[in-house]
Amino acid sequence: MAKKILVVDDDDSLRKIVMHLLNKTGYATVGAENGNMALDVLAKEDIGLLILDVMMPGLSGYELCEQIQDNKQYANLPVIMLTGKTELVDKFQGFMSGAIEYMTKPFKNQELLEKVRELYPC
């Protein structure tokens, strides 16, 4: 069975939009509304890619990404940060925490799909 893409965003509508976009292009997805829930999903599901918001209650996307990088089991898991934080310092922090890609909201569907295909071919 193929690995899933974990979409983590506290905005329920946006999370569902991203998951729908990925599902209709052949990817299996699972969602989480915050960092703690994402850690639970990682422990239970076979995840191949993580799409992660930054500003969430509890663990921020940066903190979650750092925890993932510190865990040998998930250290090679590619992470795309998808966030409303647009400043250069935010992008730098995203890469320093372990993200492979950093995209800002609003995003173009095709651009997100291209990044996903690049990091996790279907």
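FYI, it's all coordinate maths here, none of it is from the lab. Keep in mind it's a predicted model, so treat the numbers as computed, not measured. Cβ: placed from backbone, ideal geometry, glycine included. Neighbour counts: every protein chain shown.
Lysine pairs in the range 1-73 whose alpha-carbon atoms fall under 19 angstrom of each other, counting only those eight or more residues apart or on distinct chains, come to 10. Hull volume per residue, based on the alpha-carbon atoms of the chain and their convex hull, is 92 Å³. Under the criterion of Cα pairs below 8 Å and six or more residues apart, the relative contact order for the chain equals 22 percent. Here each label is just a point 7 Å from Cα along the line to Cβ, and for S13 and L88 those points are 3.3 nm apart. Distance between the 7 Å Cα→Cβ label points at F95 and T25: 2.3 nm.
For the range 8-63, the relative contact order works out to 39 percent when only alpha carbon pairs closer than 8 Å and six or more residues apart are counted.
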